[in-house]
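The values are calculated or read from the model by the stated rules, or taken from the named source; none is laboratory data. Just so you know, these numbers come straight off a predicted model, no measurement behind them. With ideal geometry, Cβ positions are generated from the backbone for all residues, glycine too; neighbour counts draw on all protein chains shown. Remember, those area values only see protein heavy atoms, side chains included, never the ligands or the DNA or RNA. Shrake-Rupley method; radii C 1.70, N 1.55, O 1.52, S 1.80 Å.
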Amino acid sequence: MTVRAALDVCDANSVGAIRVASVPAGHVYVRHLASLDGDAGVIRLPDPRPVHPAPEVDQWWPPAMLDPEWVRCHASEFDVFHVHFGFDALAEAELTAVLDELARQGKPLVYTVHDLRNPHHRDRAAHDAHLDVLVPRADELITLTEGAARTVQRRWGRRPVVLPHPHVVEFDRMRPRPRRAPDDVFTVGVHAKSVRPSMDPGAVVTALLPLVRELADLRLIVDAHHDVADADGARHDAALMHLLFDAEAAGAIVLSVHDCYTDDELWDYLEGLDLSVLPYRFGTHSGWLEACHDLGTAVLAPSCGYYAEQRPCLSYRHDENGVDAPSLRAAVRLAYEQRPRWQADPAQRAKERIELAATHRRLYDAVLR
C-alpha cells in the first residue's frame, strides 16, 4: 500500500501515540504543528542539547539528532524521524550516514521541504547536494506551496503533500488591527536584520527613496542589527550602512539599529507598519510573512521563490538579477492608495492548526505502514 492510500485508512486503525524525532522540535513551525485539544496522538521528542550550541538560536542548533550515533543509541525512543531544518551544518556524506542509520534501524523518514534554496548560502550547490540526499530517500515529503511542490516534482519526480504554514504569532496576540484614516501616515518597513546572503536591502531602499519625496505622509523605516551596523560587527556591511546613514541624514528614512528582537518586540514592530517589504533576492518560503499575516501587516513580497503563494500579499520583481525598481514602486503606490487589510482570523488559524496536527498524525501512521 502506498503512503497516500494508507492516509485514507489510518484514522480507523491508529492505535497509541506516535513518537516523532523532529529536527528540530523547538522551532515555532514545529511547535505549532501540535494539536490544540490535548490529544496525545503525536509525541515529539525534546531537542537534545547540542555539544556546541549556537547562542543566538536557543538550544537546538546544530541539531544533535542529525548524527548516526544518536540515531543508533536512541532508536528505541522514536517511531518516525522528521527533518525540517538544521542539516546545513552537515557535509553531504554525514547526512547520508544519518539516513543510512535510519534505514538500518527501520525508522521511516519524513522531510518537509521548507527551502529549495538556502537563504544563508550565497551559492546553491551545498543545499542542492543535501536535497539530492533527502528528497529521493524520504518516505514522505511535505512542502508549503503548490509552486514548491511542482518544483520538487520536476526535479526529483516526487510530489510532496502540500500543507500550509501554521500560525507564527500566538492566538492571544492576534488582536484586531485598528482601521486607519486615509490621510494617516503610511509606514513602510524594510528590515535588513543581519543581512543574509538572500537579502539585498540596499537595492530595495535605494529604489524606494524617490517615493518618500513623491508621496505625502509616506514614512520609510529601515532596521538593521548591530552586527551589520557596527564597524566591529561580525556581519558589518559598510556600503549598506553608508547608504542608510546618508538617507537618515537627509531625512529620507527613519533608521533603527538594534539587537535581534524578542518575539514581543518583533510583533510590536510589525504592528507599527502598514507595509513590510521583503528584500529577498532568492529563497522559498517565509515565517516573517506568516507573522505579518497573523498581525494584519500587509506584505510586499519578491517574485523569487514562492512567498506570494503563502498568503495574500502584493508582489514586485526581485531575484538574483536585481530589483525591478518600477515594479517595486508601483506596488508600494498601490498599497499606499488602497491600504490593503489582510489579517488572519484566529478562529480559522486554530482550525487550520487542528487540521495540520491531524494530517501529520495520519501521515506518520501511514509511513509506519
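Positive end of the charge dipole of the range 137-192 (Lys, Arg +1 and Asp, Glu -1 on Cβ, about the Cα centre): tell me which of LEU163, ALA192, GLY147 has its Cα farthest that way. It is GLY147.
Among GLY38, GLY272, GLY202, the largest mean-square fluctuation in a Gaussian network model of the chain, built with springs joining Cα atoms closer than 10 Å, belongs to GLY38. Candidate membrane-span-like segments in the chain, meaning DSSP H helices with Cα atoms spread over at least 24 Å of their own axis and a Kyte-Doolittle mean of 0.0 or above, do not occur, with no membrane implied either way. Overall form of the chain: prolate. Here a/c, set by the Cα gyration tensor axes a ≥ b ≥ c, is 1.5 or more, and a/b is the larger of a/b and b/c.
Overall, the anisotropy analysis places the range 284-369 in the oblate class: the square-rooted eigenvalues a ≥ b ≥ c of its C-alpha gyration tensor yield a/c not less than 1.5, with a/b not exceeding b/c. With all protein chains kept in place, the per residue accessible area of the chain amounts to 44 square angstrom at a probe of 1.4 angstrom. Summarising the amide proton neighbourhood of TYR316: residues at separation of 5 or more, or on other chains, whose placed amide H is nearer than 5 Å comprise ALA301, SER303. Electrostatic bookkeeping for ASP217 treats Lys and Arg as +1 and Asp and Glu as -1; over the other residues with beta carbon under 15 Å from its beta carbon, the sum is 0.
Counting only DSSP H runs of at least 4 residues, each contributing -39500 (n - 2.57), and dividing by the residue count of the chain, the helix-based mean residue ellipticity at 222 nm comes to -11500 deg cm²/dmol. The amide H of ARG44, built 1.01 Å from its N in the peptide plane, has VAL20 as neighbours under 5 Å, considering only residues 5 or more places off or on other chains.
Of TYR280, TYR336, the order by accessible heavy-atom surface (1.4 Å probe, DNA, RNA and ligands excluded), from most exposed downward, is TYR336, TYR280. Please compute the net charge surrounding PRO166, taking Lys and Arg as +1 and Asp and Glu as -1 over other residues with Cβ under 11 Å from its Cβ. Local charge sum for PRO166: -1.
If you run the Gaussian network model on the chain, springs between alpha carbon atoms under 10 Å, then out of GLY322, GLY26, GLY16 the most flexible one is GLY16.
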